[in-house]
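The values are calculated or read from the model by the stated rules, or taken from the named source; none is laboratory data. Computed from a prediction, not measured in an experiment: that's the story for all the values here. In this analysis, Cβ positions are derived from the backbone assuming ideal geometry, glycine residues included, and neighbour counts consider all displayed protein chains. Note: accessible area is taken over every heavy atom of the protein model, side chains too, but ligands, DNA and RNA are not part of it. Shrake-Rupley method; radii C 1.70, N 1.55, O 1.52, S 1.80 Å.
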Amino acid sequence: MSGSLPRPEVIITHESDLDGLVAGVLLQRLAHKLFNFEPTLEAYHYNNWKQRDLREKSAWVTDLSFEARLDRPNWAVIDHHVTEVGAKNALLIHDISKSAGLLCYELCRQQGLASPALDRLVHLNNVADLFLEDDPILTSPMTTRIW
């Protein structure tokens, strides 16, 4: 995997959003595993994100829609939002049926960074972010006792 994911100077994620937080922290763990360092995690609201200068030579971006300005060599975008742009230069990991957190966790799993606690956290994040009202977790007796 380290051959396909570039070593990021920074990890950029959506702020004020559980999915963005989960995805960003998971990517920090993944970067540590792959490259033995923890890049800075920066969180942006969409308005500030649109105005941010993209000065880095390499970055991982998650939970922010893929757009043409992100289609840069040595950039990876892991996202689930609908996009009308395809990637020509960047690595785009995209699936609208999964939260950004789940997409990032799948990358972590491939590197042995899974655990039962993370399985549950990422599942709950996925249910909440995608509004999966029919997910069994919402109707299980254990969940009912928690609420």
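Near Tyr44, the amide H atoms lying under 5 Å from its own belong to Thr13, His14, Glu15; only residues 5 or more places off or on other chains count, and H is placed 1.01 Å from N.
Taking trypsin sites (Lys or Arg not before Pro) as candidate sites, keep only those in a DSSP loop with at most 16 other Cβ atoms within 10 Å, then name the longest stretch of the chain containing none of them. Working shown, then result.
Values: sites that count: Arg52, Arg55, Lys57, Lys88.
Between the exposed loop sites, the longest stretch runs 89-147.
Its Cα centre serving as origin, the chain has a Cβ charge dipole (Lys and Arg +1, Asp and Glu -1) of approximately 520 debye.
What percentage of the solvent-accessible surface of the chain, computed with a 1.4 Å probe over protein heavy atoms, is contributed by carbon and sulfur atoms? After summing per-atom areas, the C and S share lands at 53 percent.
Approximating the spin labels as points 7 Å out from Cα along Cα→Cβ, the Asn74-to-Ser115 distance works out to 3.3 nm. The GNM of the chain, with springs linking C-alpha atoms under 10 angstrom apart, assigns the highest mean-square fluctuation among Thr83, Thr62, Thr13 to Thr83.
Label-to-label distance, Glu106 versus Asn36, with points set 7 angstrom from Cα along the beta-carbon direction: 3.0 nm. I'd like the distance separating the alpha-carbon centroids of the range 23-69 and the range 72-119, in whole Å. Centre-to-centre distance over Cα atoms comes out at 12 Å.
What full-extension length gain, to one decimal in nm, is calculated for Lys50 and Val10 as 0.36 nm per residue of separation minus the Cα-Cα distance? Mind dumping the intermediate values first?
Details: separation 40, 0.36 × 40 = 14.40 nm, distance 1.66 nm.
Extra length available between Lys50 and Val10 comes to 12.7 nm.
Please sort by residue number the GluC sites (Glu not before Pro) in the range 46-123 whose DSSP state is loop and whose Cβ has at most 10 other Cβ atoms within 10 Å. List each step's numbers first, then the result.
Working: sites: Glu56, Glu67, Glu84, Glu106; in loops: Glu56, Glu67, Glu84.
Answer in residue order: Glu84.
Placing unit charges on the Cβ atoms only, positive for Lys and Arg and negative for Asp and Glu, gives the range 70-147 a dipole magnitude near 280 debye about its Cα centre. For chymotrypsin sites (Phe, Trp or Tyr not before Pro), the sites in the range 18-49 that DSSP calls loop and that have at most 15 other Cβ atoms within 10 Å are Phe37. Among Leu132, Leu27, Leu92, the largest mean-square fluctuation in a Gaussian network model of the chain (Cα springs under 10 Å) belongs to Leu132.
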